[in-house]
Amino acid sequence: SMTALRKNLFNEGYHIIEIAFYRNLIALVPFFIIFQMRGGFKNNIPVNKKGIFIRSIIGSISLVVTFGTFAHLPMADATAMIFGSTLVVPILAHFFLKEQVGIYRWGAVVVGFVGILIMAQPTGATNWIGIGFALATVLCHATIQTMVRWIGRTDTPFVITFYFIALGTL
């Protein structure tokens, strides 16, 4: 999988920012072709320019911290912790998008966090750099998921993704 490849590249001495750059550059090629086929800048101008820009910056940071998480933690631990981002989305959506979150969903968030603690099995013998990357990844992923819900009201998934990849490459 891509995650295993990234971890292997890191272990071979490649920096996580370099890995993120090439991930975006390789993805940009087919996206740019499709972008041109869809009419270029004339037909793919974002409506929510500020939202697209902020999402792209947070997305780029997210790539780096995600790669850092997998570089510094075992894959199973990193994956379990990153799943926590879906538990943060209802919290962010409630406060920033003013979405209603019922008692059952709040309960599911609490149970989910307890489940992550059980899976992580905190023992005190912890790689704090990896944990820091994991927490940053969770926050970034949840923020991105929430922002896409907001930006998706005005912009297409293609426009959101294209500008994320293009700005992330820069």
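The values are calculated or read from the model by the stated rules, or taken from the named source; none is laboratory data. Predicted model only: the values in this text are computed from it and were never measured. For the accessible areas, the whole protein counts, side chains as well, though only heavy atoms, and no ligand, DNA or RNA atoms are used. Shrake-Rupley method; radii C 1.70, N 1.55, O 1.52, S 1.80 Å.
Hey, any idea what % of the stretch 1-77's accessible area is carbon plus sulfur with a 1.4 Å probe?
Reported share for carbon and sulfur atoms: 70 percent.
Mind telling me which of Thr143, Thr154, Thr79 comes out most flexible in a GNM of the chain, alpha-carbon contacts under 10 Å?
Thr154
How many Å² of accessible area per residue for the chain, probe 1.4 Å?
Here the residues of the chain average 59 Å² of exposed surface.
Say we join alpha carbon atoms closer than 10 Å with springs in a Gaussian network model of the chain; which of Met75, Met37, Met119 then has the biggest fluctuation?
Met37
Report the far tail of the P(r) of the chain, meaning the percent of Cα-Cα pairs longer than 29 Å.
28 percent
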